[in-house]
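Here's the structure, in structure tokens; my notes come after.
The values are calculated or read from the model by the stated rules, or taken from the named source; none is laboratory data. As the structure is a prediction and not an experimental result, all values here were calculated from the model. All Cβ positions, glycine included, derive from the backbone under ideal geometry; neighbour counts span all protein chains shown. The protein model used for the area step is the full one, side chains on, heavy atoms only, and it has no ligands, DNA or RNA in it. Shrake-Rupley method; radii C 1.70, N 1.55, O 1.52, S 1.80 Å.
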Amino acid sequence: VDPNAPDRGPRRGLFQPAQLKNGGDAEPAPAAVRNLLGYLKDRYKLEVSLKHESLHPGDDAVFRFKFLYLHGRKEISWSEFDAENLKAVLQTGGLLFADAACNGTDAWKRFDASFRDATRKLFPDAPLQVIPADDPLYSAKLNGGQPLSQVRVRREKADGSGPEAELRNYAPLLEGVKIDGRWVIVYSKYDVGCALEGHKSADCLGHDRDSATRIAAAVVLYSLRR
């Protein structure tokens with residue numbers, strides 16, 4: 001790390017996430033993190049920085065952040081160095097929260113497949129697994145007295161032929177990679193980021209805004225209190 005470089009990390013005592021870039025694209029869902037931070041400040045009185053860094057996973061600055069967010073629109077294109085850098089962050093206290101963006105069924109499937117492949121390469125001995133309903137991440141204790149037990153989401157039809165016709169109530173479906181007793185990756189294959197921005201689409205595989213906000217907040221709170 002260049003000792004003369006400007007400080008790109010969070011100020012002590014403030015929660016500040018970093019959003020991971022994937023390739024050379026502009027930052028997707030730029031308002032998602034800002035809206036989440038505002039909610040955390042208002043609902044949980046969390047001391048937050050209302051700005052966030054957008055970084056490539058190979059950037060040395062990612063080591064200054066303990067919460068990383070990836071809103072996935074395109075297939076993962078990390079280099080071997082990117083992957084090793086990210087793995088080191090996650091093994092030293094970091095957490096990656098990722099979701100598949102509301103971007104059409106075909107693009108959604110491509111990102112989902114590529115993310116699963118990327119996590120297998122990162123942690124071949126710790127595959128993605130469904131986070132169980134009784135996990136502390138969903139608990140009332142973590143989530144301000146109200147457990148995260150129901151969300152509204154439009155999921156893929158059981159036969160894989162496309163999105164369901166409408167949003168429905170379901171138990172939350174998050175997957176994760178667990179290392180040494182803690183989740184280091186939390187993944188939603190149904191959109192969170194576009195919903196956090198307030199976007200609505202009749203064919204989006206994803207959550208409504210309230211559900212997306214509560215899911216993302218739960219992951220942040222888990223990352224802080226584990």
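What's the number of the only condition in (1) at pLDDT 75 or above; (2) acidic (Asp, Glu); (3) open to solvent by less than 70 Å² (accessible area, probe 1.4 Å) that Glu47 fails to meet?
(3)
Restricting to strands (runs of 3 or more DSSP E) lying wholly in the range 117-226: which have 3 or more residues that are not aliphatic (A, V, I, L, M)?
The qualifying strands (runs of 3 or more DSSP E) are 168-170, 175-179, 182-188.
I want to confirm something. Restricting to the range 165-191 and keeping residues that are in contact (Cβ under 8 Å) with a residue 40 or more places away in the chain and over 20 Å from His71 (Cα atoms), which single residue is farthest from the chain's Cα centre (by Cα)?
Here the residue is Leu167.
Could you tell me which of the residues Glu156, Glu164 is among the charged types (D, E, K, R) and surrounded by 17 or more Cβ atoms within 10 Å (Cβ to Cβ)?
Glu156
Quick one: what pairs do we get from the range 149-164, first residue under 18 Å from Asp106 (Cα atoms), second in a loop (DSSP other than H, G, I, E, B) and basic (Lys, Arg), C-beta under 8 Å, 6+ apart or different chains?
Pro163/Arg155; Pro163/Lys157; Glu164/Arg155; Glu164/Lys157
Looking only at the range 18-44, filter to residues that are open to solvent by 50 Å² or more (accessible area, probe 1.4 Å) and closer than 20 Å to Asp82 by Cβ; which one of those is farthest from the chain's Cα centre (by Cα)?
Among those residues, the one meeting the criterion is Gly24.
In this structure, does Asp210 turn out to be at pLDDT below 95, open to solvent by 10 Å² or more (accessible area, probe 1.4 Å) and farther than 14 Å from Ile131 by Cβ?
no
Pick from the range 55-100 the residues that are assigned to a loop (DSSP other than H, G, I, E, B) and closer than 30 Å to Arg155 by Cβ: which of them is most open to solvent (accessible area, probe 1.4 Å)?
Among those residues, the one meeting the criterion is Lys74.
Can you name the number of the only condition in (1) under 23 Å from Leu37 (Cα atoms); (2) in contact with a Phe, Trp or Tyr (Cβ under 8 Å, 6 or more places away or on another chain); (3) of a type outside the set (Lys, Arg); (4) surrounded by fewer than 22 Cβ atoms within 10 Å (Cβ to Cβ) that Val220 fails?
Checking Val220 against (1) under 23 Å from Leu37 (Cα atoms); (2) in contact with a Phe, Trp or Tyr (Cβ under 8 Å, 6 or more places away or on another chain); (3) of a type outside the set (Lys, Arg); (4) surrounded by fewer than 22 Cβ atoms within 10 Å (Cβ to Cβ), the one that fails is (4).
Check off (1) free of Cβ contacts under 8 Å to residues at least 24 places away in the same chain; (2) surrounded by 23 or more Cβ atoms within 10 Å (Cβ to Cβ) for Cys194 and give me the number that stays unchecked.
Of everything listed in (1) free of Cβ contacts under 8 Å to residues at least 24 places away in the same chain; (2) surrounded by 23 or more Cβ atoms within 10 Å (Cβ to Cβ), Cys194 misses just condition (1).
Taking only the range 109-148 into account, find how many residues are among the polar types (S, T, N, Q), open to solvent by 60 Å² or more (accessible area, probe 1.4 Å) and in contact (Cβ under 8 Å) with a residue 12 or more places away in the chain.
Of the residues in that region, 1 qualify.
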